[in-house]
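The values are calculated or read from the model by the stated rules, or taken from the named source; none is laboratory data. Quick caveat: nothing in here was measured; it's all calculated off a predicted structure. Here Cβ is always computed from backbone atoms with ideal geometry, including for glycine, and neighbour counts include all displayed protein chains. Accessible surface areas use protein heavy atoms only, side chains included; no ligands, DNA or RNA. Shrake-Rupley method; radii C 1.70, N 1.55, O 1.52, S 1.80 Å.
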Amino acid sequence: MSGLIIDSDACRGCGICIKSCSYEALEMKDKKAQVNENCVLCGMCIESCPFDAIKIEKEKTNGIELEDYKDIWVFIEQNDGEIEPVSYELLSKARELSKERNCSVNALLLGEDISKEADKLFAYGANKVYISEYEILKDNLEEIYVEFLDKVVLDYKPEIFLFGATNFGRSIAPRIAARVKTGLTADCTILEIDEESGLLNQTRPAFGGNLMAQIVCPEHRPQMATVRPGVMEAVKKETNTKEVINIDMPSIKEPSIKILENIIEKKAESISDAEIIVSVGRGIGSQKNLALVERLAELLGGKVGVSRPLVDVGWADQKNQIGQTGSIVAPKLLVTFGISGAIQHLAGISGAETIISINTDKDAAIFTVANYKVVGDCVEILKSMISKLEKKCEKEQVV
Amino acid sequence: MKIVVCVKQVPSTNEVRLDPETNTIIRDGKQSVINPFDTYALEEAIRIKEKIQGEVIALSMGIPAAEKILRDAVSVGADSGMLLSDRSFAGADTLATAYTLSLGVKKISEVDLILCGKMAVDGDTAQIGPELAENLKIPHITNVSEIIEINDSEIICRTITETGKRLVKTKTPVLLTVLKDINMPRLPSIDGVINSLDAPVAVENAESLGANKSYIGLSGSPTQVVKTYIPERKNESIEIKGDSETKSEKINSVIKEVI
């Protein structure tokens with residue numbers, strides 16, 4: 001049986017592992033550490049032990065032929081014929097990984113009348129584009145897509161399969177993983193090939209971003225991962241090989257979920273693709289001051305983002321929330337007002353290029369990630385910035 | 001209608017602090033609670049029960065102490081709980097967890113609707129719902145923001161998509177993951193708390209569920225955590241000083257440079 005093994009010869013009874021355990025699963029008996037039924041095998045204690053006395057033993061159970069699986073596949077998500085930007089980001093990352101694996105990057109593009117988009121996929125890193133164009137693929141329906149992708153995994157045996165962590169990606173990827181009985185790592189922030197094993201090292205934040213966990217899927221294929229939009233960078237580069245392969249629609253039974261109505265809201269409301277963001281948190285004081293933030297965003301040609309407390313009190317829409325439970329953003333410029341920088345919030349802004357933070361508390365956590373630190377009153381500084389920018393605008397108009 | 005609500009035991013505080021010297025997690029007598037996202041699923045199940053009648057069973061996989069959150073579920077209106085607990089379930093990733101939960105659902109039998117929270121606050125994967133539905137071979141809908149119509153055989157609900165909203169109709173049995181906009185969870189009543197003390201909470205283990213050993217716990221988990229580390233945080237910020245006027249002037253010029 002699999003389990004946590006403590007080598008009682010190596011254990012010195014120092015008790016460090018007991019402190020490291022957040023499940024109260026380790027206790028001291030006869031000056032040796034012992035594991036009890038609370039253990040969830042999280043592995044925290046293994047890292048903590050200075051004497052390498054703890055390990056997790058795992059029975060090998062899987063008998064698939066790993067060599068049969070090759071190439072990196074990227075699921076290209078389209079919505080109403082438009083490709084989600086995260087798909088380009090994944091392709092560029094896949095191109096990087098493919099150099100180490102010496103393999104092809106294959107883009108899987110499903111939709112209706114979608115082949116015109118293939119060229120863009122080559123530009124961002126695809127070597128081959130597998131296309132299937134059917135009316136039934138137009139709406140992203142889980143039941144259809146899961147059947148289709150299951151067939152793709154069976155027929156083409158991808159070594160690695162990447163998905164954007166969009167609503168749809170987060171809905172179908174787990175279902176496919178469960179169907180083909182493989183591992184799936186959610187919301188990876190780092191993907192790299194392990195030099196020794198050739199495995200995909202998948203790193204994701206754990207414990208609310210306090211810890212990074214590196215995860216592998218050694219004996220199951222494909223190695224599947226989702227990545228949040230904006231986390232990886234889309235890099236345009238022409239490739240020489242441009243192969244388009246058409247795939248037929250597999251026979252799929254009538255889906256049991258029917259769409260009664262599709263309401264498309266303006267894409268402009270999403271902040272995850274914004275280049276400039278002015279964000280605001282509890283430190284803004286009162287709701288009426290939000291108008292100032294909106295005005296500044298307007299003057300800078302940016303969008304407004306908020307921290308979670310403002311959504312919780314009902315001052316702002318969840319659509320604008322930045323952080324672990326909101327949107328992950330990666331703007332060129334982020335100006336924050338009155339955001340203290342809870343770890344869940346910081347997890348959402350790590351991709352920002354330049355961060356200017358204004359906060360009254362000189363020890364606020366936001367300053368640990370800010371490029372420019374401004375200790376001061378948000379409202380005063382906001383008003384002053386706006387009036388200066390407005391004057392400048394007027395001058396330019398006069399000229 | 002027979003409704004199963006999946007609940008997870010999580011630390012009551014989402015804030016996990018680390019001891020900077022030992023790099024270990026500081027435990028400050030934190031309590032375990034129902035994953036906040038699951039409370040919306042539980043509330044929705046209770047509302048459905050109140051509207052069209054039915055039975056609500058709270059289901060969890062966890063350590064023996066997780067029985068407490070199942071009693072908490074009863075205290076707000078669930079009829080009973082089922083805890084799946086066994087040393088051999090430990091170390092389960094989402095695939096093994098979903099398999100184990102599916103055995104619980106099968107044990108409960110003739111389930112019409114399964115409700116899950118959007119995700120758990122500690123793991124944050126949002127994978128269990130779809131993976132559980134796959135194990136049960138029933139359809140699933142994620143990000144449900146409103147259940148508009150429901151009867152024993154059909155549900156009409158609203159979901160949030162990448163581009164907006166969608167109104168969908170599904171037959172039961174089905175699994176839904178719900179968003180927190182869906183309702184406002186109630187607090188337990190005094191009667192509820194008293195009821196919960198001797199409410200039926202079944203405890204099942206690998207054997208009683210007839211679990212396939214190679215699909216549960218660490219053995220049944222394709223993913224492995226290789227290592228954990230503290231993320232490096234850069235801290236080379238340039239401080240902008242002066243009175244508010246000077247500060248705003250300087251900030252504006254930095255902005256001008258960047259954009």
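With the structure loaded, tell me whether B:Met82 is open to solvent by 30 Å² or more (accessible area, probe 1.4 Å), hydrophobic (A, V, I, L, M, F, W, C) and at pLDDT 95 or above or whether it fails that test.
no
Taking the condition more than 10 Å from every other protein chain (Cβ to nearest Cβ), out of contact with any strand residue (DSSP E or B) (no Cβ under 8 Å at 6 or more places or on another chain), open to solvent by 70 Å² or more (accessible area, probe 1.4 Å) and under 21 Å from B:Val225 (Cβ atoms), does A:Asp52 pass?
yes
When the residues of the range A:214-246 are narrowed to those that are of a type in the set (A, V, I, L, M, F, W, C) and buried (at least 21 other Cβ atoms within 10 Å of the Cβ), which ends up nearest to the chain's Cα centre (by Cα)?
A:Val227
Where in the range A:84-163 are there helices (runs of 4 or more DSSP H), lying wholly inside it, with at least 1 residues that are over 25 Å from B:Glu131 (Cα atoms) and open to solvent by 40 Å² or more (accessible area, probe 1.4 Å)?
Numbers: elements: A:85-101, A:118-124, A:142-156.
Result: A:85-101, A:118-124.
If a residue has to be over 19 Å from the mean Cα position of the chain (by Cα) and not in a helix (DSSP H, G or I) to count, how many in the range A:52-78 make the cut?
First, the residues of the range A:52-78 that are over 19 Å from the mean Cα position of the chain (by Cα): A:52-71.
Now narrow it down to the ones that are not in a helix (DSSP H, G or I): A:52-65, A:69-71.
Looking only at that region, the number is 17.
How many of the residues in the range A:168-181 are of a type in the set (A, V, I, L, M) and more than 7 Å from every other protein chain (Cβ to nearest Cβ)?
4
Test B:Glu146 against the criterion of being in contact with a Cys (Cβ under 8 Å, 6 or more places away or on another chain), open to solvent by 40 Å² or more (accessible area, probe 1.4 Å) and away from every other protein chain (no Cβ under 12 Å), and give yes or no. Step through it out loud before you land on a result.
Details: in contact with a Cys (Cβ under 8 Å, 6 or more places away or on another chain): yes; open to solvent by 40 Å² or more (accessible area, probe 1.4 Å): yes; away from every other protein chain (no Cβ under 12 Å): yes.
Criteria met by B:Glu146.
Testing A:Ala165 on (1) within 23 Å of the chain's Cα centre (by Cα); (2) more than 9 Å from every other protein chain (Cβ to nearest Cβ); (3) modelled with pLDDT under 95, one condition comes back false. Which one is that?
The one condition A:Ala165 does not meet is (2).
Collect the residues in the range A:22-45 that are touching a strand residue (DSSP E or B) at 6+ places or on another chain (Cβ under 8 Å) and either modelled with pLDDT of 85 or more or more than 14 Å from every other protein chain (Cβ to nearest Cβ) (or both), keeping them in residue-number order.
Within the range A:22-45, A:Ala25, A:Leu26, A:Glu27, A:Met28, A:Lys32, A:Ala33, A:Gln34, A:Val35, A:Asn36, A:Cys45 meet the criteria.
Could you tell me how many of the residues in the range B:209-254 are open to solvent by 30 Å² or more (accessible area, probe 1.4 Å), in a loop (DSSP other than H, G, I, E, B) and either of a type in the set (Val, Ile, Thr) or within 30 Å of A:Gln223 (Cα to Cα) (or both)?
Residues that pass the stated criteria total 5.
Among the residues of the range A:166-181, write down those that are open to solvent by less than 10 Å² (accessible area, probe 1.4 Å) and either β-branched (Val, Ile, Thr) or in a loop (DSSP other than H, G, I, E, B) (or both).
A:Thr166, A:Ile172, A:Ile176
Checking the structure you have, find out if any residue of the range B:126-135 is touching a residue at least 12 places away in the same chain (Cβ under 8 Å), surrounded by fewer than 21 Cβ atoms within 10 Å (Cβ to Cβ) and either out of contact with any helix residue (DSSP H, G or I) (no Cβ under 7 Å at 6 or more places or on another chain) or among the β-branched types (Val, Ile, Thr) (or both).
Scanning the range B:126-135, I find no residue that is touching a residue at least 12 places away in the same chain (Cβ under 8 Å), surrounded by fewer than 21 Cβ atoms within 10 Å (Cβ to Cβ) and either out of contact with any helix residue (DSSP H, G or I) (no Cβ under 7 Å at 6 or more places or on another chain) or among the β-branched types (Val, Ile, Thr) (or both), so the answer is no.
Any chance the range B:167-176 includes a residue that's more than 9 Å from chain A (Cβ to nearest Cβ) and either open to solvent by less than 10 Å² (accessible area, probe 1.4 Å) or farther than 18 Å from B:Ile114 by Cβ (or both)? Before you say what the answer is, go through the steps one by one.
From the range B:167-176, those more than 9 Å from chain A (Cβ to nearest Cβ) are B:172-173, B:175-176; that's our starting set.
So of that shortlist, the ones also either open to solvent by less than 10 Å² (accessible area, probe 1.4 Å) or farther than 18 Å from B:Ile114 by Cβ (or both) come out as B:175-176.
Yes, the range B:167-176 has at least one match.
When you scan the range B:59-70, do you find a residue that is modelled with pLDDT under 95, open to solvent by less than 20 Å² (accessible area, probe 1.4 Å) and within 14 Å of chain A (Cβ to nearest Cβ), even just one?
yes
For the list (1) assigned to a helix (DSSP H, G or I); (2) at the interface with chain A (Cβ under 7 Å from one of its Cβ atoms); (3) at pLDDT below 90, I need the number of the one condition that B:Glu257 fails.
(2)
Can you tell me which condition A:Ser387 does not meet? The list is (1) open to solvent by less than 40 Å² (accessible area, probe 1.4 Å); (2) assigned to a helix (DSSP H, G or I); (3) among the polar types (S, T, N, Q), and all the others hold.
The single condition A:Ser387 does not satisfy is (1).
Take the conditions of a type outside the set (A, V, I, L, M), closer than 24 Å to B:Ser60 by Cβ, at the interface with chain A (Cβ under 9 Å from one of its Cβ atoms) and touching a Ser or Thr at 6+ places or on another chain (Cβ under 6 Å) and apply them to B:Ser248. Does it pass?
No.
Considering only the range A:360-383, how many residues are over 19 Å from B:Val258 (Cβ atoms) and part of a helix (DSSP H, G or I)?
6
Out of everything in the range B:193-208 that is in a helix (DSSP H, G or I) and surrounded by fewer than 19 Cβ atoms within 10 Å (Cβ to Cβ), what residue ends up being nearest to the other protein chains (Cβ to nearest Cβ)? So that I can check it myself, show each step before the final result.
Taking the range B:193-208 as the starting set, the residues that turn out to be in a helix (DSSP H, G or I) are B:193-197, B:206-208.
Remaining after also requiring surrounded by fewer than 19 Cβ atoms within 10 Å (Cβ to Cβ): B:193-195, B:197, B:207-208.
Numbers: B:Val193: 25, B:Ile194: 28, B:Asn195: 28, B:Leu197: 23, B:Glu207: 13, B:Ser208: 16 Å.
Here the residue is B:Glu207.
Can you pull out the residues in the range A:249-263 that are of a type in the set (Asp, Glu) and either in contact with a strand residue (DSSP E or B) (Cβ under 7 Å, 6 or more places away or on another chain) or surrounded by 15 or more Cβ atoms within 10 Å (Cβ to Cβ) (or both)? It would help to see each step written out before you state the result.
From the range A:249-263, those of a type in the set (Asp, Glu) are A:254, A:261; that's our starting set.
Once the filter is applied, which keeps residues that are of a type in the set (Asp, Glu) and either in contact with a strand residue (DSSP E or B) (Cβ under 7 Å, 6 or more places away or on another chain) or surrounded by 15 or more Cβ atoms within 10 Å (Cβ to Cβ) (or both), the range A:249-263 yields only A:Glu261.
Please find, within the range B:178-192, the residue that is nearest to the chain's Cα centre (by Cα) out of those that are open to solvent by 100 Å² or more (accessible area, probe 1.4 Å) and aliphatic (A, V, I, L, M).
B:Met184
If you scan the range A:182-194, which residues turn out to be free of Cβ contacts under 8 Å to residues at least 60 places away in the same chain and either surrounded by fewer than 22 Cβ atoms within 10 Å (Cβ to Cβ) or facing chain B (nearest Cβ under 9 Å) (or both)?
Correct list: A:Thr182, A:Gly183, A:Leu184, A:Thr185, A:Ala186, A:Asp187, A:Ile190, A:Asp194.
Tell me, which residue of the range A:345-391 that is more than 8 Å from every other protein chain (Cβ to nearest Cβ), free of Cβ contacts under 8 Å to residues at least 40 places away in the same chain and farther than 17 Å from A:Val280 by Cβ is nearest to the chain's Cα centre (by Cα)?
A:Asp363
Could you list, in sequence order, all residues of the range B:71-106 that are part of a strand (DSSP E or B) and more than 14 Å from chain A (Cβ to nearest Cβ)?
If the condition is that a residue be part of a strand (DSSP E or B) and more than 14 Å from chain A (Cβ to nearest Cβ), then B:Ser80, B:Gly81, B:Met82 are the ones that fit.
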